[in-house]
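The values are calculated or read from the model by the stated rules, or taken from the named source; none is laboratory data. Worth saying up front: this structure is predicted, and the values here are computed from it rather than measured. Every residue, glycine among them, receives a Cβ derived from its backbone with ideal geometry; neighbour counts consider all protein chains shown. Calculation scope for accessible area: heavy atoms of the full protein, side chains included, ligands and nucleic acids excluded. Shrake-Rupley method; radii C 1.70, N 1.55, O 1.52, S 1.80 Å.
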Amino acid sequence: MRGLISSSTAKTKAIEIQLKELSESEARKNAFKILGICWLGMLIMLPLPPIHWVSTPGLFIAGIVLFFKKYRERIYLEPLKTVCLECNAEISCKFQAFTPPISLVCPSCRYNFTLAPEEKTAG
Ligand SMILES: [Zn+2]
């Protein structure tokens with residue numbers, strides 16, 4: 001599909017982006033991974049008063065919330081490379097959940113860009 005990169009200086013550029021839809025089992029695996037990280041963190045914090053009063057329930061709830069968030073994230077952006085609209089340096093974008101607009105930062109000039117589907121910016 002077509003994506004549009006726009007900079008804070010109102011420059012825009014259309015690029016081709018590849019999306020990947022995760023299967024049910026891949027999404028479930030990602031969801032359990034984040035749940036495991038949160039609950040492992042919770043167990044590590046458990047013997048540490050007084051921060052465990054906040055971290056234990058916080059990580060317990062965060063694990064559940066992130067589990068459902070990850071489980072619903074089925075559309076992923078394939079890694080892509082493009083050039084900076086300001087300095088022409090190469091910008092790469094890693095494999096990540098496609099939740100537009102995605103923000104990109106040029107490693108060379110530090111300008112911020114947003115990547116969104118082209119259709120959405122028309123209206
Ligand atoms: Zn740049």
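Residues in the chain average 64 Å² of solvent-accessible surface per residue, probe 1.4 Å, ligands and nucleic acids excluded. Distance from the Cα centroid of the range 1-29 to that of the range 44-91 is 18 Å (rounded to whole angstrom). Its residue count N fixes a reference of 2.2 N^0.38 Å for the range 32-82, and the Cα radius of gyration divided by that reference is 1.49.
Between SER8 and THR114, the distance separating the two model label sites (each 7 Å from Cα on the Cα→Cβ line) works out to 1.3 nm. Summing Cβ point charges (Lys, Arg +1; Asp, Glu -1) relative to the Cα centre of the chain gives a dipole of roughly 160 debye.
Give the carbon-plus-sulfur fraction of the accessible surface of the chain in %, rounded to a whole number; probe 1.4 Å, heavy atoms of protein chains only. The computed percentage sits at 64.
An ellipsoid equivalent to the chain, defined through the eigenvalues of its Cα gyration tensor, has semi-axes of 35, 19, 12 Å when rounded to whole angstrom and sorted largest first.
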